[in-house]
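Structure record follows, encoded as structure tokens.
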């Protein structure tokens, strides 16, 4: 054994994949996995040849870094002891259940000089990373993230469960200055919002229309960017990217050129965890920082509060 010592806290639907990937990464030692369900901790630990824990605190001081995939409401309480111990921490999105909680984590990381990353996996989607340099001053963006009713993540509404992915991508691609927001949402199958639409106007004048649903029949994960003389389409799920441009020919009429752009498929979570490990080893910031996570959370909170009030601002 040896290498960078990591652990996973919370090995449910998503955390089990953190454990699977970390156990297979070179020069990484999966020190342990923790879950409040002892049988679940034992099952995942046995699968990956590591040690099960039922209390996250038992891993403090034993690791160089930790991935936290527990329910959102527990993120801050679980993460803080690791942050304060000096261990690097990756917290699955949303970073915290509230902006106050996110600020506590960020302040603690700043005070200790600890690496704090947020798990926004779509930033590591190969189609998204390939599209990033192509998106330039978009004027209109249409995003749909639709899925069937889940058996998980019902402790948060669809804005913090699904839409926050796209809000983070928008902030990274368009910029942080959101001038105004209009939003509507409906609680259909749960006491929380199950389908939501937000219309964001950026200071640049760009309009983004974002829809997220967890009660749709079909699974859709698509984003379309319209900018001067160009159209860019991302299929998150298929990891496909298309781009079309209007090209002027010499003395002739303009023609449309483009099509599918080759994208090497990969598992976004694996790329995210590789970046986390590289950031620990290189003593650099992760690709998606705690502050990035807070920015996405702040915008999601803004959308959620507008829906709660039933108006726009």
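Roughly what angle does helix 268-282 make with the longest principal axis of the chain, taking Cα atoms, 0 to 90 degrees, to the nearest 10?
Orientation of helix 268-282: about 60 degrees from the principal axis.
Can you tell me which of 176-182, 42-48 comes out highest on packing, and rank the rest after it, using the mean Cβ neighbours within 10 Å?
42-48, 176-182
Quick check: the angle from helix 164-173's long axis to the longest principal axis of the chain, C-alpha only, nearest 10 degrees?
60 degrees
Sorted from fewest to most neighbouring beta carbons within 10 Å, what does the list 276, 226 look like?
226, 276
Among rounded, prolate and oblate, which fits region 4-114 when a ≥ b ≥ c are the square roots of the eigenvalues of its C-alpha gyration tensor, a/c under 1.5 means rounded, and a/b larger than b/c means prolate?
prolate
May I ask for the angle, rounded to the nearest 10°, between helix 75-85 and the longest principal axis of the chain, with both axes built from Cα atoms and the value confined to 0 to 90°?
60 degrees
Quick one: if you stick a label point 7 Å off each Cα along the C-beta vector at residue 204 and residue 266, how many nm between them?
2.5 nm
Compute a Gaussian network model of the chain, connecting alpha carbons closer than 10 Å, and tell me which residue from 247, 73, 60 fluctuates the most.
Answer for the Gaussian network model of the chain: 247.
Using Cβ contacts closer than 10 Å as the measure, can you line up 187, 218 from fewest to most?
218, 187
Rounded to whole Å, give me the distance from the Cα center of region 166-186 to that of region 103-127.
19 Å
Normalise the Cα radius of gyration of the chain by 2.2 N^0.38 Å (N = residues in it) and let me know the number.
1.04
Just so you know, all these numbers are worked out from the coordinates, no wet-lab data involved. Remember, predicted model here, so these are calculated numbers, not experimental data. We place every Cβ from the backbone using ideal geometry, glycine too, and count neighbours over all the protein chains shown.
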